[in-house]
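To keep things clear, I will list the structure first and then write my remarks on it.
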Amino acid sequence: MKNLTTSILFILLSLTSNLVKAESDKNITVRGKVIDAETKEPLEYATVSFYSQVENKIIDGVITDVNGEFNLKVAKGIYNINIEYISYKTAKLTNKNITQDLDLGVISLKIDFESLEAVQVVAERTTVEIKLDKKIYNIGKDLTTAGGTVSDALNNVPSVSVDIEGSISLRGNENVRILINGKPSAMAGFGDTNVLSQLPAEAIERVEVITSPSARYGAEGTAGILNIILRQKETLGFNGSLNLTAGNPDNIGVSTNINYRTEKFNLFSNFGFRYFNSPRNSFNDTEYFDKIINNVSTAPEYERIREDAEVERLNRNYNASFGMEYFLSKKTSLTGSVFYRYGEDRDTALNNSDRFNNGSIVEQTLRTEKQNEDGNNYQFALNYITKFNNDGHQLTADVQFEKGSEEQFTYINEDYLVTNQSNPEPFQIEKVNEIEDEKESLFQVDYVLPIGKNTRFEAGYRGNFENSIKDYTLEQEDINTNTFFVNDTISNIFDYTENVNAVYTQYGTKFGEFSFLLGLRLENTQLKGKINSTLSDAELEDSFGFPIDTDFNKNYLGLFPTLNLIYNLSGSVEDSEESITLGYNRRINRPRGWFINPFPSRSSRTNIFQGNPNLNPAFASAFDLGYLKRWDKLTLTTSVYYQHETNSFEYVQENTGEQTSDGIDIIRTIPVNLSTNKRTGAEFGMLYNPEKWLRLNTSFNFFQFKTEGEFNDVDYGAKNTSWFARFSSKVSLPSKIDWQTNAFYRGARQNAQSETEGIFSLDLAFSKEIFNDNATISLNVRDLLNSRKRKSLTTTEFFSRYSENQWRQRQINLSFRYRFNQQKKRNERRNNQGGNGDDMDFEG
């Protein structure tokens, strides 16, 4: 940090000097080249300062280019010349009498290991950065996620929680927009966050939590945006790392990144393979009530059904990415990349069902569900950036194309174990075939124009064009002939398109300790759907209980204003040790394809999920007031927030009125637009480093939401208060051993029909640096107490259901990570020394 402060100081003094001295005095050229003494590689961004003995001060300076070279003009005189680079020993040339052009030749710098350790401590401590429109959390050395996934890493980020089924929520709200490097991506699985559980956590460099997005971001996601920034090495030469993981239940993983950079291009690549078994289990105890049909009470076939299921989930995933950044000039570059992911899932579920009447078991069955799923995604991306000057005036353009396909086959069979029927009719065997093809295109242009020193104007366009075609076929057994026939009332083809065109502009400035960013985004949304089915519109309406438009085309035009303010209470723009932020934004929640498709998915014979083609987008207005205070060893962040959402989505469970062949009511879950959802909350975070060997991190989030609305003449209004908290400690032990503990608790919550108990989980990890600190070996346990289970009670007028679900049981992982060219990895921190919260770096 001392070197960094010195560098900033001499540059500022140099600029001041330039205003005073006439350029005609600077007629002597001094040049040279700075390299690493060990690797002989050029050092970009090294600082060269000239100290005048006559004027007794630094009067000029320069930064080396990508080749490590520098060139500047100075006036005649006697100088002390310092060549500095973060984590290297300073080279000094004293009493240089410069009277004519001078070539200093090649200057070699050696690693300063003492300062290097200091840099590492600071880099690890600075884990939160506050900017006008986001909070940035540097993942760093999170031991509990070693050998884990992106979902595991996100679950350790304040304000974020990942439930037992992999759903991601921000401040308790699941309508979160997931971006990869600032853009929608096939890596995020076309909106399916479960794909994030297939990508290695080591791929993440940092996570941006954007609860008050600026106008540059898309308006999708009423809760906000999570922008996952992946690691991409920028150091010269050849470098990379290898990661190996083994765990129980079965978890075998191999991933590597390899990078090579010269002065003209930068090659980067990532490859990974993972095989894992993620067994889950569930328990459901359902009590059925008498039904009233035409004012006549009808008793159910069974008073109570208890189901106990165990699922073996075997997964194989492969992912690879490769890209090249080519420097057309010092200010212009073109980057192309390709990403590919292939996955195989093999799931087998055994569901034991006990059926009761008058308190006694009258029937037992065993249902077997086998599901095979194969899918692949690929993405091509092209980025162009040109910088018109060094003040931030630039133009960027992005083109991205993604395509994915998924084929799923499900076999469902059920057999009697115990029955009181003398000649029971056998269950139908069902075969479900689902084929889904998805494609998405992105076109984006962003223009940034600095106006003076502290003001910036931005404008841009983004077009997102998505299409998915799902071919769903249900085959059922003819009991009499033991052959299969296609159920035309369920089988269908659903073609769904979502096109979003947007333009935006925003203006930001700062004066004194006050900064603001004001923006406006205009988005046009087109939602198109076409249902190909043998059923007529009237038959569909009669079957599903509500009108069905088999060929719809909806357009929505919306304005989305944003305002972000920050006031620096510390009195120093550079330090920004204390600040207050205020944000306002308007957001939209668009229904995804599976929310729209009215044909049910049959995860079982008795429980189905059914889309609602009448869904409309939800709109929300959100306010956020935050406070940051940073001391030498302690950082506090707090905020209060309020959100008002109209036409919000809510899952409703209801009786379809239909029964299985053995008389069990079929229950469906359907998303509907309820009237309003008001959410109020507060969060608190603390980072405390009392000693170099101890780091403490805790956060607490409290929220309350109120839902008002009805569906099919049933009132689904509800009011709920809940909270979640996490605590993390990291202790550096002797012999270069680190010990980390993470604890998480999510409080009880409820909606219109369900009450869910609180969930507690505890993670533990140890790591040790080996091979001269070029490698790390880690042992971690996720969910040490095996307590990450969701327990809930759902009550409707037709049934009451208690359920327990454990999506993934306790996981133990042993990981090994080897890094080559590690010193260069450390040096790249020169590009990450910021984070003072009051900058004008509005990235999107």
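A short reminder: the numbers here are calculations on the coordinates, not readings from a lab. No experiment lies behind these values; they were computed from the predicted model shown. Ideal geometry is used to build each Cβ from the backbone, glycine not excepted, and the neighbour counts take in all protein chains shown.
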Give me the base-10 log of I(q)/I(0) for region 704-788 at each q in 0.10, 0.23, 0.24 Å⁻¹, Debye formula, one uniform scatterer per Cα, rounded to two decimals. -0.46, -1.05, -1.08
Determine the distance separating the Cα centre of region 708-752 from the Cα centre of region 32-47; give it in Å without decimals. 48 Å
About the Cα centre of region 242-832, how large is the charge dipole given +1 on each Lys and Arg Cβ and -1 on each Asp and Glu Cβ? Please answer in debye to the nearest 20. 4140 debye
If you take the charge dipole of region 242-832 about its Cα centre, with +1 on Lys and Arg Cβ and -1 on Asp and Glu Cβ, which of Ser648, Ile252, Asn284 is farthest toward its positive end? Ile252
Under 15 Å, Cβ to Cβ, from Ser735 - net charge with Lys/Arg +1 and Asp/Glu -1: -1
Identify all lysines with a Cα-Cα distance to Lys134 below 21 Å; exclude those on the same chain that are fewer than 8 residues away in sequence. Lys183, Lys510, Lys629
Distance from region 375-421 to region 669-707 (C-alpha centre basis), Å: 28 Å
Once Lys and Arg get +1 and Asp and Glu get -1 on their Cβ, which of Ile490, Thr550, Ser536 lies farthest toward the positive end of the dipole of region 453-561? Thr550
Any aspartates and glutamates with Cα under 15 Å of the Lys110 Cα? List them, leaving off those in the same chain fewer than 8 positions away. Asp36, Glu38, Glu41, Glu44, Glu84
Can you give me the P(r) profile for region 347-489? Cα pairs, bins 5 angstrom wide beginning at 0, each as a whole percent. 2, 7, 11, 10, 10, 9, 8, 7, 6, 6, 5, 5, 5, 4, 3, 2, 1, 0
Suppose R0 equals 41 Å. What FRET efficiency, 1/(1 + (r/R0)^6) with r the Cβ-Cβ distance, do Ser675 and Ala37 give to the nearest 0.05? 0.05
Suppose every Lys and Arg Cβ carries +1 and every Asp and Glu Cβ carries -1, with no other charges. What dipole size does region 411-540 come out with about its Cα centre, to the nearest 20 debye? 1420 debye
Among Thr676, Asn742, Ile666 - extreme Cα towards positive end, dipole of region 242-832, charges at beta-carbon: Asn742
Need one number: the % of Cα-Cα pairs in region 423-521 sitting beyond the 21 Å mark. 63 percent
Along region 501-514, Karplus-curve 3J(HN,Hα) (6.51, -1.76, 1.60; θ = phi - 60°) to the nearest Hz, with x for Gly and Pro, reads 10, 9, 10, 8, 8, 8, 9, x, 7, 9, 9, x, 8, 10
Which loop-located trypsin sites (Lys or Arg not before Pro) does region 343-406 contain, where loop means any DSSP state but H, G, I, E or B and the Cβ has at most 16 other Cβ atoms within 10 Å? none
Region 242-832, Kirkwood Rh and Cα Rg, ratio Rg/Rh at 0.98
For q = 0.27 Å⁻¹, Debye-computed log10 I/I(0) when each Cα of region 343-416 counts as one equal scatterer: -1.12
